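Structure first, commentary second.
Just so it is clear, none of the values below were taken in a lab; they were calculated from the coordinates. Fair warning: this is a prediction, and the values are worked out from it, not measured in the lab. Here the Cβ positions follow ideal geometry from the backbone for every residue, glycine too, while neighbour counts run over all protein chains shown.
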């Protein structure tokens with residue numbers, strides 16, 4: 001019979017996973033508290049959390065919300081980064097931190113509804129952020145409009161130049177006629 005504390009822990013994990021669609025599973029064994037706090041401080045601007053979890057409670061929570069296949073990654077000392085937002089940004093920070101510490105290993109991830117291996121998370125970390133991709137798309141969509149505007153303005157600019165030239169010519173002729 002599960003105790004009340006474990007039941008509440010499972011419910012809390014279920015809510016956290018439901019509310020944060022980006023989850024990265026890591027090992028943390030051998031890391032010092034200051035090293036873990038450094039990672040947490042890097043994740044904080046992303047509205048992300050990094051928590052050490054109990055595998056049995058996490059597995060139960062994952063099964064309750066229909067992510068049974070993701071539960072197999074929870075073995076040994078496990079910590080999880082939870083995030084709501086850009087999965088690329090989360091991946092970049094986790095991968096960057098894993099490069100600085102041999103003891104820190106990426107196990108797997110559940111990002112935007114898909115289970116990813118550690119290799120796929122590393123590939124995802126090489127992509128530009130969502131904001132950069134949106135900006136690039138906006139620039140590409142705007143370029144044809146700018147070209148159309150330039151083509152449409154060309155005759156008007158020529159007409160304006162012609163009117164100005166005629167005006168200047170008449171201005172030069174007017175004082176000579178007086």
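Answer rounded, prolate or oblate for the range 128-178, using the Cα gyration tensor with square roots of eigenvalues a ≥ b ≥ c: rounded when a/c is under 1.5, else prolate when a/b is larger than b/c, else oblate. The shape class here is prolate. Extension gain, residue 165 to residue 49, is 35.0 nm, computed as 0.36 nm per intervening residue step minus the present C-alpha separation.
Descending by average beta-carbon neighbour count within 10 Å, the peptides 59-65, 5-11, 128-134 line up as 59-65, 5-11, 128-134, the highest first.
By the count of other C-beta atoms within 10 Å, a proxy for reagent exposure, 123, 163 are ordered fewest to most as 163, 123.
Relative to the longest principal axis of the Cα atoms of the chain, helix 4-19 runs at roughly 20 degrees. Residue separation of residue 115 and residue 151 scaled by 0.36 nm, minus their Cα-Cα distance, works out to 8.1 nm of gained length. Taking every C-alpha pair closer than 8 Å and separated by at least 6 residues, the mean separation divided by the residue count of the chain gives a relative contact order of 25 percent. For residue 69 and residue 158, a Förster radius of 45 Å and the Cβ-Cβ distance give a FRET efficiency of 0.10, rounded to the nearest 0.05. Compared with the dominant principal axis of the Cα atoms in the chain, helix 87-100 is inclined by about 60°. Of the residues 112, 86, 118, the one with the fewest other Cβ atoms within 10 Å heads the list, and the complete ranking is 112, 86, 118.
Centre-to-centre, using Cα atoms only, the range 142-156 and the range 46-68 are separated by 54 Å. In this structure, residue 131 and residue 105 have a Cβ-Cβ separation that, at R0 = 35 Å, corresponds to a calculated FRET efficiency of about 0.75.
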